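First comes the structure, then the notes that go with it.
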Amino acid sequence: MKRIAVYPLYVIAAVSFLVVPLRAQEQADLPSHSIGAAAGFVSGVGISYRHWFENTYGYQVTLAPYYNRESSTGGQSLQSAFLSLGLNALKVYRVAEVVNFYGYAGVHYLLDYNEHLSFADPGSSSDKSSTTEHRAIVGLGPGIDIHFWRLSVDLGIGVAARIEGTGNFGIQPTGEIALYYAL
């Protein structure tokens, strides 16, 4: 019961960080294009591309597609697919020499598909079963970007709403981490 009372505090902190600017520099020296890897509830999991505009706004796209098809001699076939797609809007609030403070808001879509096919004899009928799971995670929060040379490490915390294809819904604290190389 105590955990539920903490969620409004996460929401208030995250929204206030996104709404109240911290007087960002007029012309932030942010790399226009960066590529790397990200893992997070809201950002998604996989290869990530980040773009910063001159006005301290930016976006991040993270993608991880996976497909596998296996056949065995025991009369079974397995096919599976996984997709993680994250889209985030970014706003830098304070630019410093080594650490930038920013806010993020985004959505992460997950697709998990598994198909199992088994058959006793090559000429007999087959038994096929499949499962498909869809999930969306919508969230926001503050983050820090620690940069040196052309590399940057991003750490974020926030709050997110999780919506599953089965109708399940939940609100949870989130964590984000990414490593980028400025092009």
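Just so you know, all these numbers are worked out from the coordinates, no wet-lab data involved. Not measured: the values here are computed from a predicted model. With ideal geometry, Cβ positions are generated from the backbone for all residues, glycine too; neighbour counts draw on all protein chains shown.
Label separation (Y109 vs I157): 3.1 nm, computed from points 7 Å beyond Cα along the C-beta direction. Expressed as a whole number of Å, what is the distance separating the alpha-carbon centroids of the range 141-166 and the range 35-52? A separation of 9 Å, based on Cα centres.
Based on the mean of other Cβ atoms within 10 Å per residue, sort peptides 81-88, 154-161, 61-68 so the most packed one is first. Working shown, then result.
Numbers: 81-88: 19.5, 154-161: 21.6, 61-68: 15.2.
Top of the packing list down: 154-161, 81-88, 61-68.
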